[in-house]
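Remarks on the structure that follows.
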Amino acid sequence: MLNKNAPATALFFDLTGGIVLLGVCCALARRLRSGRDNRVTGLPSPDWASLILLVGIVVVGFALEAMRIAMTGWPVGSQYAFLGSALSLVFSPGEALQTAYGYIRYGHALLTALFVAYLPFSRMLHMILAPVLAMINGCRGPR
């Protein structure tokens with residue numbers, strides 16, 4: 001099992017989650033700023049479902065991390081998970097937190113499953129197709 005309190009792991013998870021949130025915020029700002037009047041003709045409409053699912057996955061993930069840190073008594077190394085550690089100060093350990101953790105973990109899994117199921121129908125299909133097409137083009141060789 002992966003040690004989530006190891007400094008490199010904790011820092012990596014928080015950095016990547018923060019980067020995803022920053023990217024989604026930039027995409028949302030771009031969509032909201034452009035509006036209907038300034039939209040470039042010929043571009044497809046925004047994929048709001050993908051953005052909402054991504055935000056939900058990351059935000060709920062940070063909440064789960066914060067709950068885990070609080071339930072385990074702020075173990076050594078958890079401070080490297082800077083966002084989760086800061087958010088964990090909101091929670092107080094106890095039986096209610098342990099009960100809520102289980103439900104929120106299922107919610108996180110459900111959001112992730114919805115995103116994976118929606119992916120082939122979204123504008124983010126390029127995440128799957130780009131590596132496949134690169135491999136196919138690499139196998140064909142030079143033309």
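Observations on the model:
- Candidates Pro131, Pro120 - the one that is more than 19 Å from Ile57 (Cα to Cα) and under 21 Å from the mean Cα position of the chain (by Cα): Pro131
- Considering the range 7-32, and only residues there that are small (Gly, Ala, Ser) and surrounded by 15 or more Cβ atoms within 10 Å (Cβ to Cβ), the residue that is modelled with the lowest pLDDT turns out to be Ala27.
- Considering the range 38-143, the qualifying helices (runs of 4 or more DSSP H), each wholly inside and each with 1 or more residues that are surrounded by 12 or more Cβ atoms within 10 Å (Cβ to Cβ) and in contact (Cβ under 8 Å) with a residue 60 or more places away in the chain, run over 48-71, 82-88, 95-118.
- The range 119-143, residues that are among the charged types (D, E, K, R) and farther than 14 Å from Asp47 by Cα: Arg140, Arg143
The values are calculated or read from the model by the stated rules, or taken from the named source; none is laboratory data. Because the structure is predicted, anything quoted here is derived from the model rather than measured. Ideal geometry is used to build each Cβ from the backbone, glycine not excepted, and the neighbour counts take in all protein chains shown.
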